[in-house]
Amino acid sequence: YTETLLEGAMKDTSLCERWLQIIYDESQRLERLINDLLDLSMLEAEQVELHFKSIDIRKLIENVLSVLHHLAQKENVELVMHSEDVPDVVVDEDRMKQVLLNLIHNAVKYSPKGEKVVVEVKKLTREVQISISDKGVGIPQNHLNRIFERFYRVEKDRAGKSGGRGLGLAIARHIVEVHGGTIGATSNPGEGSTFYFTVPTDLVFPR
Ligand code: ADP
């Protein structure tokens, strides 16, 4: 696009504006991709410094829901949280926010209009479990245990929704695991998916 514009196409102002927008959007997409790749390689090389502190995970979820409120409203998807009384968890707040943003954003992205995304918070023995359920397209069984691999995407088999890079869940898995938690997903194709992860209530890996 840049080459053609420089070769003279920029004299056509309407074409110029349209192509500049494409160049801008693509540069932004590349920036996100590079950031995700950097993030993932730092996590894989265990070069990410974590700042653990004790927080109320429900407050963090509320914050994430408010960040995604606009997008959900645009998609006509309702965001709800159900929580029992849970103890504080020991996490790196920014990293935990990244996990929640990724999972809830995905749930909104794959939900049909008019549906709900439900975030549920439960107390387990020494952990708190957060699950995110949607009523979206779901994930076929043969893909389920591979979606946490980097670059793995179901879209190549699926018409419609696309644009992802297959890195978000790999990053989420790393973050959950360095916290000493576990992450997984269950799904009924055509009916929806539930992604869940646990976070310890005590510091598991002191750094
Ligand atoms: P992407 O950036 O491609 O969304 P992710 O790592 O977040 O990458 O997701 C990996 C794959 O898992 C994607 O191909 C996506 O289709 C699938 N996926 C993730 N969340 C959901 C969901 N809530 N419902 C259906 N498919 C999902």
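Every number here is computed from the coordinates shown, using simple stated rules; none is lab data. Fair warning: this is a prediction, and the values are worked out from it, not measured in the lab. Positions of Cβ are backbone-derived with ideal geometry, glycine not excepted, and every protein chain shown enters the neighbour counts.
Compute the Cα gyration tensor for the stretch 86-132, then decide on rounded, prolate or oblate, letting a ≥ b ≥ c be the square roots of its eigenvalues: rounded whenever a/c is under 1.5, prolate when a/b is larger than b/c in the other cases, and oblate in all that remain. In terms of gyration-tensor shape, oblate. Taking K and R as +1 and D and E as -1, what net charge do the other residues with C-beta under 14 Å from the C-beta of Gln28 add up to? Result for the local shell: -1.
With respect to the cross-link table entries Lys74/Lys97; Lys74/Lys122; Lys97/Lys135; Lys11/Lys109; Lys53/Lys135, which display a Cα-Cα separation exceeding 32 Å? Pairs exceeding 32 Å: Lys11/Lys109; Lys53/Lys135. Among beta bridges from DSSP that stay inside the stretch 56-160, the antiparallel ones total about 50%. This ranking places Phe195, Phe148, Phe52 by how few other beta-carbon atoms lie within 10 Å of each, fewest first, which gives Phe52, Phe148, Phe195. Computed from Cα atoms, the angle from the helix 13-44 axis to the main principal axis of the chain rounds to 30 degrees. For the stretch 51-207, relative contact order (Cα pairs under 8 Å, six or more residues apart, normalised by length) works out to 24 percent. If you run the Gaussian network model on the chain, springs between alpha carbon atoms under 10 Å, then out of Asp25, Asp39, Asp88 the most flexible one is Asp25.
If you sort the three axes of the alpha carbon gyration tensor as a ≥ b ≥ c, you get a/c of 1.5 or more for the stretch 1-131 and a/b no higher than b/c, which makes it oblate. Nearest 10 degrees is fine. How inclined is helix 57-74 to the longest principal axis of the chain, computing both from alpha carbons? It works out to around 30 degrees.
This model, with +1 at the C-beta of Lys and Arg and -1 at the C-beta of Asp and Glu, gives the stretch 49-207 a dipole about its Cα centre of some 560 debye.
So what's the angle, to the nearest 10 degrees on a 0 to 90 scale, between helix 168-178 and the longest Cα principal axis of the chain? In the chain, helix 168-178 runs at an angle near 30 degrees to the longest axis.
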